[in-house]
Amino acid sequence: MEKNPTLIFTNPATGEKFGQVAMTPIAEIHLARQSMHTAARVWSHTPVAERVKILRKFQGVLVDALDEISEVMNLDTGKSRQDALIEAFVTIDMLQAYLRHAPRWLKHRRVSSGLYVFKHCYVDPRPYGVVAVIAPWNYPVALSLPPVLAALLAGNTVILKPSEVTAATGVLIENLFHRVPELSPFVRVIHGDGAVGAALVDSKPDYIFITGSTLTGKRVSQAAAEHLIPVASELGGKDAMIVLEDADIHAAAHWGVWGSFFNTGQTCMSVERVYVVESVYEEFVRLAVEETKKLGVGFSTDIHNPNYMGPVSDPRQVKTIERHLEDGLAKGAQVLVGGKRDEMFIEPTVLVNVNHDMLLMRDETFGPLMPIMKVKDENEAIRMANDNAFGLGASIWSRDLERAYRVAHQVEASSIVINDTIAQFAVPMLPFGGIKQSGYGRTHGKEGLIQFTRPYAYVVGKPPHDWDIATIARKPGHYHFLASVVRLLFGVNTRQRMQPVKEALSTTARQKPRLALGVGVLLGAAAFAGITLLKKSR
Ligand code: NAD
């Protein structure tokens, strides 16, 4: 019998192997899907308050496991213990906010019943069933757990496929779920590469949440479309940072460098290209180089070690970064600091003389390159920022917040920060996601939770009442009545609204003129009052 291939846990900084896990066999994935489907019947009927209670226990598990989480992620990705802890912090912060708000967001709500005045109407947000979460390697906790926990809170069962590059963190997450026996029957973690991810899509989950490259997002969407499975896709980015002449240049350089090199540039909303207005360009470049020279590159397992920039976590990514660098240099880019590689470590690199013919200004680099380009003014900065296929995040720097906001509105990206970088993802209540080639999914915020439900609609009442407008409208022979209702309720001017009154009066006038006059006055007044009240109530 063929042995299951294994994923070997490898520290990218040292090359040291520190464990392994067997890939989940493809046949087992369909069984996992079936068992989660069965389990969903129980979990979806568990009251929201009970789900909150159980997930709060999981929050406790996460807090107890902080050191364990930072230790495993440190070995798995090479990032520092403190940077790993930031991931856990962001994740727990989001879970806590969700536990507070979910009961309100998941309540069934009453809506207007329109012309069915004797009925009540409700919308019930109900779970999809089985949600598949496919995760990347760059933030193996903060990009796996938030969608998993949101989907669970919403009443779905979940199958998580962590990245093959950070399989040790995937195993840890699986283990953390097992520490809450009330929760573990409702979530499964499967291990493997893209083929396992594809098999998960093929197993026909009810909803798919994928965070990954644009290419993978498209593949998953295409496969899912075959079965009409909805997909939320959180894909690549090429975020622009715009520095206007009235910006705090010191802060912009400091946080711009941080936003470019945090997590070794392996952040979907990292600063991937910088546009600086010409009057402050020289100063910004000088300060950015100064800031970059202060950065240490290395690896340590010590929690007291001052922060450093770690290795690239995925060997495949090294090739992309080098290709972008070589292409830029061949086309005239100039390296002001950095530019060298030692195994998996690439120095934080600041480049100038860059243009949009270069890969490093066009495609996602996902590494420690910070290309800076001079622009004439605000308008050119916006034009350059928008000259790109991606639309995830952006940052705008100006002391004039109104101006920055106005610029932000013109930038084609949907997660924008003013006077900071990479702050969008860390705010639990802000829906995070992209437009254009960055996908259309959202995580965090109310939208990040509600997406895991579908609105079920209910019309409730006794059998149709004879005097209900809707009942009369449905009975044959009421053409004139219906036309009058439409004119009275939906007329956009006095002529349209008064037409039914006029018609009624002229019929009566022919038969009883005096009565018609009296009735006419009364009807007119009543119609106006009625229409005004109805319009207000709708
Ligand atoms: P990737 O696309 O290579 O892999 C992502 C996940 O998809 C992995 O688990 C992988 O095994 C799986 N996968 C690969 N092929 C598959 C297939 N055909 N069917 C199903 N699953 C498949 O991405 P990555 O290299 O792990 O992550 C880096 C990418 O993720 C970057 O492009 C980055 O910008 C993006 N990202 C986006 C966000 C966001 O929120 N928008 C956040 C982080 C990372």
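The values are calculated or read from the model by the stated rules, or taken from the named source; none is laboratory data. These figures come from a predicted structure and were not determined experimentally. When we count neighbours, we look across all protein chains shown, and the Cβ atoms used for this are built from the backbone with ideal geometry, even at glycine. We work out accessible area using only protein heavy atoms, side chains counted, and drop any ligands, DNA or RNA first. Shrake-Rupley method; radii C 1.70, N 1.55, O 1.52, S 1.80 Å.
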request  = List every residue whose amide H lies under 5 Å from the amide H of ILE418, counting only residues 5 or more places away in sequence or on a different chain, with H placed 1.01 Å from N in the peptide plane.
outcome  = ILE396
inquiry  = Quick check on region 1-66: take the gyration tensor over C-alpha atoms, sort the square-rooted eigenvalues as a ≥ b ≥ c, and tell me if it's rounded (a/c under 1.5), prolate or oblate.
reply    = oblate
message = Let me see the P(r) profile for the chain: every Cα-Cα distance counted, bins of 20 Å, each bin given as a percent of all pairs.
response = 20, 42, 24, 12, 3, 0
task = Give me the percent of DSSP beta bridges within region 239-426 that run antiparallel, rounded to the nearest 5.
result = 20 percent
message = Could you report the accessible area of THR216 in Å², rounded to 10, computed with a 1.4 Å probe on the protein chains as they sit in the structure?
response = 50 Å²
query = Taking a point 7 angstrom from the Cα of LEU533 along the C-beta vector, which residues in region 488-506 have backbone N less than 19 Å away?
reply = 488-491, 497-498, 501
key: Solvent accessible area, Å² - TRP255, 1.4 Å probe, full protein context   = 100 Å²
ask   = Roughly what angle does helix 401-410 make with the longest principal axis of the chain, taking Cα atoms, 0 to 90 degrees, to the nearest 10?
value = 80 degrees
ask   = Separation of region 145-209 and region 1-55 by C-alpha centroid, Å?
value = 5 Å
request  = Rounded, prolate or oblate: pick one for region 476-537, where a ≥ b ≥ c are the square roots of the eigenvalues of its C-alpha gyration tensor, a/c under 1.5 means rounded, and failing that, prolate if a/b is larger than b/c, else oblate.
outcome  = oblate
query = Given LYS238/LYS331; LYS119/LYS475; LYS17/LYS340; LYS294/LYS376; LYS107/LYS161, which pairs have Cα atoms separated by over 22 Å?
reply = LYS17/LYS340; LYS294/LYS376; LYS107/LYS161
query = Roughly how many Å² is the accessible area per residue of region 239-426, as a whole number, for a 1.4 Å probe?
reply = 41 Å²
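Using a cut-off of 14 Å between beta-carbons, work out the net charge of the residues near LYS376 (Lys and Arg +1, Asp and Glu -1, LYS376 not included).
-3
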ask   = Rounded to a whole number, what % of the accessible area of the chain do carbon and sulfur atoms account for, probe 1.4 Å?
value = 57 percent
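With every protein chain left in place, what is the accessible area per residue of region 1-158 in square angstrom, probe 1.4 Å? Please report the intermediate quantities before stating the final value.
On the way: 7060 Å² over 158 residues.
Here the residues of region 1-158 average 45 Å² of exposed surface.
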request  = Tell me the label-point distance for the pair LEU329, ALA22, using the 7 Å Cα-to-Cβ offset, in nm and rounded to one decimal.
outcome  = 4.6 nm
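Wrap a convex hull around the Cα atoms of region 398-499, take a quarter of its surface area, and give that in square nanometres.
Working: hull surface 53.5 nm².
For region 398-499, averaging the hull's shadow over all directions gives 13.4 nm².
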request  = For LEU145, LEU228, give the ranking by accessible area with the largest first, probe 1.4 Å.
outcome  = LEU228, LEU145
message = Rounded to the nearest 10 Å², what accessible area does LYS319 have for a 1.4 Å probe in the complete protein model?
response = 140 Å²
note = As a percent rounded to 5, the proportion of antiparallel DSSP bridges among beta bridges in the chain is 40 percent
message = Rounded, prolate or oblate for region 273-429? Axes are the square roots of the Cα gyration tensor eigenvalues, ordered a ≥ b ≥ c, and the cut-off for rounded is a/c under 1.5.
response = prolate
note = Dividing the helical contributions, -39500 (n - 2.57) per DSSP H run of n ≥ 4, by the residues of the chain yields a 222 nm value, nearest 500 deg cm²/dmol, of -15000 deg cm²/dmol
request  = Pop out the ³J(HN,Hα) list for region 206-221 in order, Karplus 6.51 cos²θ - 1.76 cosθ + 1.60 with θ = phi - 60°, rounded to Hz; leave Gly and Pro as x.
outcome  = 8, 7, 10, 10, 10, 10, x, 6, 4, 4, 5, x, 5, 4, 5, 4
